[in-house]
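Undergrad: Can you read through this structure? Questions will come right after.
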Amino acid sequence: MNFHGIHEKTLVIVKPDAIQRGLLGEIITRFEKKGLKIVGLKMMRLDDAVLREHYAHIADKPFFPGVSNFMQNSPVVVLCIEGLEVVEAVRLITGITKARQAEAGSIRGDFAMSVGCNVIHASDSVDNAKAEVVRFFEENEIFEYYKSEYEFVYMQDEKES
Ligand code: UDP
Ligand code: MG
C-alpha cells in the first residue's frame, strides 16, 4: 500500500454517537470539501479484541471499559482518507480529544461536548495510520482511482512530492 506524498493515508472511525445523531453525511462532506480523497469506506461492528488492540495506549485506564462499551453501541463507519500530509490535516479537522474545548470549525468543536462521545477517531501519526489502515481494511478494500478535481486541489510540484 502506497503511503507516500499525495498517497499518504489515514484512518477515521465515525463513532457510534455520530451514527446515532445523524452526523455521518456531514462528517464525510467535510473531508470531501477539504479536497481529500476517500479510498476506503465501510460499516462494521467493532469487538473487544479489535478495540483492545486499537486502544492499547488507554487499555489500562479506568475509563477504557466505558470507551469499549460505547464503541460497540452501534456499528461504526471506517474511512481510509488519502492526501498530502493527510494525517496532520485530518487531526486538525478533527479537533482535540476533549470536544467541548475543541476549536470551533473542527468536527469535535462543532459537533460534540464530551471527552468520550467525541464523534470520530483519527490516526495521530503516519506510523500509527499505517498500522490502523491495515487493522481495519483488507488490501482489496482500498481503492486507487483518478480524481479529476486534483487538477485544482494541488499544485503540480505538490503532486510530484
Ligand atoms: N478517552 C476518554 N477519556 C479520556 C481520554 C480518552 O474517554 O480521558 C477516549 C476518547 O474517546 C478518545 C479515546 O479514548 O477519543 C482515545 O484517546 P486518545 O488520547 O487517543 O484521543 P484521540 O486521539 O481520540 O483524540
Ligand atoms: Mg488517539
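Undergrad: Only residues that are outside any helix (DSSP H, G or I) and acidic (Asp, Glu): list them for segment 104-161, please.
TA: Hits for segment 104-161 are Asp124, Glu138, Glu144, Glu160.
Undergrad: So which residues in segment 86-98 are without any contact (Cβ under 8 Å) to a residue 40 or more places away in the chain and farther than 17 Å from Glu26 by Cα, if there are any at all?
TA: If the condition is that a residue be without any contact (Cβ under 8 Å) to a residue 40 or more places away in the chain and farther than 17 Å from Glu26 by Cα, then Glu88, Ile96, Thr97, Lys98 are the ones that fit.
Undergrad: I would also like to ask the following. Report, by residue number, each residue of segment 1-31 that is of a type outside the set (A, V, I, L, M, F, W, C) and under 22 Å from Ser161 (Cβ atoms). Lay out the reasoning, then the answer.
TA: To start, the set of residues in segment 1-31 that are of a type outside the set (A, V, I, L, M, F, W, C) comprises 2, 4-5, 7-10, 15-17, 20-22, 25-26, 29-30.
Across segment 1-31, the qualifying residues are Asn2, His4, Gly5, His7, Glu8, Lys9, Thr10.
Undergrad: While we're on this one: Which condition breaks for Phe143 when tested against (1) more than 15 Å from ligand 1 (Cβ to nearest atom); (2) touching a residue at least 12 places away in the same chain (Cβ under 8 Å); (3) on the phi > 0 side of the Ramachandran plot?
TA: Answer for Phe143: the failing condition is (3).
Undergrad: Of all residues in segment 36-84, how many are among the small types (Gly, Ala, Ser) and within 17 Å of Glu144 (Cβ to Cβ)?
TA: To start, the set of residues in segment 36-84 that are among the small types (Gly, Ala, Ser) comprises 40, 49, 56, 59, 66, 68, 74, 83.
When the remaining residues are screened for being within 17 Å of Glu144 (Cβ to Cβ), the result is 40, 83.
Result for segment 36-84: 2.
Undergrad: Could you list, in sequence order, the residues of segment 36-62 that are surrounded by 14 or more Cβ atoms within 10 Å (Cβ to Cβ) and either in contact with a Ser or Thr (Cβ under 8 Å, 6 or more places away or on another chain) or of a type in the set (S, T, N, Q) (or both)?
TA: Leu51, Tyr55
Undergrad: Moving to a separate point now. I need every pair where a residue in segment 106-128 that is under 13 Å from Ile93 (Cα atoms) and of a type in the set (Val, Ile, Thr) has its Cβ under 7 Å from the Cβ of a residue that is within 14 Å of ligand 2 (Cβ to nearest atom) and part of a loop (DSSP other than H, G, I, E, B), sequence separation at least 6 or different chains.
TA: Ile107/Gly95; Ile107/Val119; Val119/Lys15; Ile120/Lys15
Undergrad: Go through segment 24-35 and give me each residue that's free of Cβ contacts under 8 Å to residues at least 60 places away in the same chain and surrounded by 12 or more Cβ atoms within 10 Å (Cβ to Cβ).
TA: Leu24, Ile28, Glu32, Lys34
Undergrad: Of the residues Phe64, Phe70, which is more than 30 Å from Ser161 (Cβ to Cβ) and either β-branched (Val, Ile, Thr) or in contact (Cβ under 8 Å) with a residue 40 or more places away in the chain (or both)? Don't jump to the end; show me each part of the working.
TA: Details: Phe64 fails: either β-branched (Val, Ile, Thr) or in contact (Cβ under 8 Å) with a residue 40 or more places away in the chain (or both).
Being more than 30 Å from Ser161 (Cβ to Cβ) and either β-branched (Val, Ile, Thr) or in contact (Cβ under 8 Å) with a residue 40 or more places away in the chain (or both) holds for just one of Phe64, Phe70, which is Phe70.
Undergrad: Also, I was wondering about something else. Within segment 100-109, track down each residue that is within 15 Å of Lys15 (Cα to Cα) and either more than 9 Å from ligand 1 (Cβ to nearest atom) or surrounded by fewer than 17 Cβ atoms within 10 Å (Cβ to Cβ) (or both). Reasoning before the result, please.
TA: Taking segment 100-109 and keeping what is within 15 Å of Lys15 (Cα to Cα), we get 107-108.
Matches in segment 100-109: Ile107 only.
Undergrad: Now a separate question. Read through the list (1) touching a Cys at 6+ places or on another chain (Cβ under 7 Å); (2) over 16 Å from Ser123 (Cβ atoms); (3) of a type outside the set (Asp, Glu), then give the number of the only condition that Leu11 fails.
TA: That leaves (2) as the condition not met.
Here, each number is a calculation from the coordinates, and none is a lab measurement. Just so you know, these numbers come straight off a predicted model, no measurement behind them. In this analysis, Cβ positions are derived from the backbone assuming ideal geometry, glycine residues included, and neighbour counts consider all displayed protein chains.
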